[in-house]
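Worksheet: the structure to be examined is printed underneath.
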Amino acid sequence: MQKLALIPLTLLYLYGSSLAADSSDSNLFFDTVDVQVVNIEAVVLDKEGQPVLGLGPDDFELFENGEPVEISNFFAVEGSTRTADPDPGSTLAPAREPETQNLNLVVVVDNAHVAPQNRNQIFANLRDFVDRSLKPDDQILIVSVGDSLKLETEFTRDPETVGRVLDRLEKETGPSTRTHAALQQLLRNIQSARLVAASQGFRDNSAELERVRLEATDYATQIRAFSEERMKRSKATLEAMARFVSSLAGMKGRKALLYISDGMSMNPADALMQAWQDKFVNWMIQNGFSDDQLNMATISSANYSLTKELDQFVQHAAATKVAIYPISPGSRLARSVGSAESQGSFATNGSGSASRLVGSLEQFSLDESLLRMADETGGTAFTRSSNIEGLLEQVRTDFSTFYSLGYQPNVISNERRDLEIKVKNEDWTVRYGKSVREKDPLDNLQDRILSSLFYDLGDNPLHIAMTSMKQEPTSAGTFQVSIMVQIPFEKILLLPEENHHSGRLTLFVVVRDENNQNLSPFRRVEIPLEIPNDQILQVMAQSAGYPLELNMQPGPKRIAIGIRDRLAQLDSTTHLDLNVGSGTDTAQVNSP
């Protein structure tokens, strides 16, 4: 773990003069209250799937945890135009402006759950879209998930970069190929099992009957092991995606996540168990092995279900304002199962009957995961389709034509809460994120610092600048790096008191290495300000500087900081890229 050491100083450096900064809040005779407004963006569609325009707050009902809440803020966006502000006599306040309407598209390629043929078909369409339809302000980030999650790009507007990454990913197979092969082999083994029927005169042939019973039992054991392994892989993928979604929390506005996957099986044992039952159940009953048949009933949806883990993930994504747009041409695995059963290969020696449920159970289970992801987060699922352009145009429409509903929760907590939006016309469909979790403002600042750290998405209204002053080697093989943080005083809210003006800043700092493997803990510094009234005019033309001493390993590093002006309730983030130990003493990130 990257170690980060801070030396909080009680002296705030003021260029041109000096100023004492009290290390406590005892002299501050004011405080602020953060008024929390929860904003939900909703897309309303008619029966033909077209956006419904011209609605007002009275056309909506809003519920939190099943209880109605009053809509306190409202506006509508149609294309690039904001409309439907409250009437002049209305008590409603305008909702805050949407933080972004640009297409910030995150492409997640789930190699653990997509056949390479399906993935590459979508890649071809994605290349065409990027080449023809990517707009100047659009950004794309590509992430792959296999045995682990990997950032393939940073946010980019360059079609050539996207093309190179897709070319490279096309050459990878991924774990899904192994899963497909293992499932196919197990199905073929079950299908080809040779049964011994009573009508063939083997009723007294106990050795043959025992062979079939043991074979059926062995296949059931294999089904359990395969289902458990499939569950394990899906859970690992969801955990990796949840961590990734958390890293997007500080990115302003809504985020569109294009999820390329055949889907995760919600009930990974069901199709296999259906095949097993089609083959062996009647035989077991006819030959007096009912107890064995009952024991196999433990392999069921109740024992092998991904519902809990998927629900936790989609609720987290919705609360982070990540709308998921899954796309899948349909599972080749499910089609191949259906092809096998259409050939009647389950029937052997007249015993057992091929059930058409086998292929449909597999496809339904996969589709259900994709539909849940979309429905709970406010996205749209394109299942059994590779129409990437149609999906991305839907994303554009969702992000450019929507309604923003705001309300003030009765209790501010970090607990997840369920949301429901109703529209008065029952023929309309409303899509929105169905969960919300409001964090403390300082927790939100840390999220935004991570967005700056990983995705170069700093937002710097305080005009923070960082300068690397010097690097000194230590006896432990690390380097003591001195960083100066500068903030123009004119950007800081200072409140007048009897003898001085007071302000209050909170600073966070975190460091990561070049390959994102090591991340330091967040360190927090409180910086109270106290400026004598007779110096205020002089100070407002100057910059405040706060020195940080960071103990770091050599190598490329990114240092990200965030500062909250507690009085103005304003956050600012930026970062500095630095090659520690390279001999370069000075580098700077300029404020805007």
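The values are calculated or read from the model by the stated rules, or taken from the named source; none is laboratory data. Source: prediction; values computed, not measured. Note: ideal-geometry Cβ built from the backbone for every residue, glycine included; neighbour counts use all protein chains shown.
None of A249, A269, A216, A256 is surrounded by 20 or more Cβ atoms within 10 Å (Cβ to Cβ) and modelled with pLDDT under 85 except A249. In segment 524-543, is there at least one residue being of a type in the set (V, I, T), more than 30 Å from F244 (Cβ to Cβ) and assigned to a loop (DSSP other than H, G, I, E, B)? No, segment 524-543 has no match at all. Of the residues that make up segment 418-429, is at least one in the same structural domain as N518 (by TED's automatic domain parsing), under 21 Å from K321 (Cβ atoms) and modelled with pLDDT of 90 or more? Among the residues of segment 418-429, not one is in the same structural domain as N518 (by TED's automatic domain parsing), under 21 Å from K321 (Cβ atoms) and modelled with pLDDT of 90 or more, which makes the answer no. Within segment 125-160, the set of residues being of a type outside the set (S, T, N, Q), touching an Asp or Glu at 6+ places or on another chain (Cβ under 7 Å) and without any contact (Cβ under 8 Å) to a residue 60 or more places away in the chain comprises I142, R157, P159.
Among the conditions (1) buried (at least 16 other Cβ atoms within 10 Å of the Cβ); (2) modelled with pLDDT under 85, the only one that A42 does not satisfy is (2).
Look at segment 467-485: where a residue is assigned by TED's automatic domain parsing to the domain that holds G562 and charged (D, E, K, R) and a partner is outside any strand (DSSP E or B) and modelled with pLDDT under 90, sitting 6+ places away or on another chain with Cβ atoms under 6 Å, you get K470/D585. Within segment 154-164, identify whether any single residue is modelled with pLDDT of 85 or more, part of a loop (DSSP other than H, G, I, E, B) and surrounded by 17 or more Cβ atoms within 10 Å (Cβ to Cβ), and answer yes or no. Yes, the conditions are met somewhere in segment 154-164.
Checking N518, N533 one by one, the residue that is touching a Lys or Arg at 6+ places or on another chain (Cβ under 8 Å) and surrounded by fewer than 17 Cβ atoms within 10 Å (Cβ to Cβ) is N518 and no other. Among the residues of segment 300-314, is any assigned to a helix (DSSP H, G or I) and modelled with pLDDT under 90? Within segment 300-314, none of the residues are assigned to a helix (DSSP H, G or I) and modelled with pLDDT under 90. Of all residues in segment 447-477, which are touching a strand residue (DSSP E or B) at 6+ places or on another chain (Cβ under 9 Å) and part of a loop (DSSP other than H, G, I, E, B)? Listed by number, the residues that qualify are D456, L457, G458, D459, N460, P461, L462, H463, I464, T474, A476.
Taking the conditions exactly as written (of a type in the set (V, I, T), assigned by TED's automatic domain parsing to the domain that holds V314 and crowded, with 19+ Cβ neighbours inside 10 Å), does T380 satisfy them or not? When the stated conditions are applied, T380 passes them. Looking only at residues in segment 168-201 that are at pLDDT below 85 and hydrophobic (A, V, I, L, M, F, W, C), the one that is nearest to I223 (Cα to Cα) is V196. Can you name the residue in segment 567-586 that is surrounded by 16 or more Cβ atoms within 10 Å (Cβ to Cβ) and more than 20 Å from L450 (Cα to Cα) and, of all such residues, is modelled with the lowest pLDDT? Per the stated criteria, the residue is G581. For segment 504-515, the condition of being over 25 Å from S468 (Cβ atoms) and in contact with a Leu (Cβ under 9 Å, 6 or more places away or on another chain) holds for at least one residue.
Quick check on segment 340-367: of everything there that is assigned to a helix (DSSP H, G or I) and among the small types (G, A, S), which residue is modelled with the highest pLDDT?
S365
For segment 497-508, the condition holds for at least one residue, the condition being that it is surrounded by fewer than 17 Cβ atoms within 10 Å (Cβ to Cβ), assigned by TED's automatic domain parsing to the domain that holds P556 and in contact with a helix residue (DSSP H, G or I) (Cβ under 7 Å, 6 or more places away or on another chain).
Look at (1) modelled with pLDDT under 90; (2) surrounded by 17 or more Cβ atoms within 10 Å (Cβ to Cβ); (3) not in a loop (DSSP other than H, G, I, E, B) and you find that R82 fails only one, number (2). Would it be correct to say that L370 is out of contact with any helix residue (DSSP H, G or I) (no Cβ under 6 Å at 6 or more places or on another chain), surrounded by 15 or more Cβ atoms within 10 Å (Cβ to Cβ), of a type outside the set (G, A, S) and at pLDDT 80 or above? Yes, satisfied. Taking (1) of a type outside the set (G, A, S); (2) in contact (Cβ under 8 Å) with a residue 60 or more places away in the chain; (3) assigned to a loop (DSSP other than H, G, I, E, B) in turn, V511 satisfies each apart from (3). Every residue in segment 384-415 that is without any contact (Cβ under 8 Å) to a residue 60 or more places away in the chain and either buried (at least 16 other Cβ atoms within 10 Å of the Cβ) or among the basic types (K, R) (or both), please. If the condition is that a residue be without any contact (Cβ under 8 Å) to a residue 60 or more places away in the chain and either buried (at least 16 other Cβ atoms within 10 Å of the Cβ) or among the basic types (K, R) (or both), then R384 is the only one that fits. On inspection, T173 qualifies as farther than 25 Å from R254 by Cα, in contact with a helix residue (DSSP H, G or I) (Cβ under 7 Å, 6 or more places away or on another chain) and surrounded by fewer than 16 Cβ atoms within 10 Å (Cβ to Cβ).
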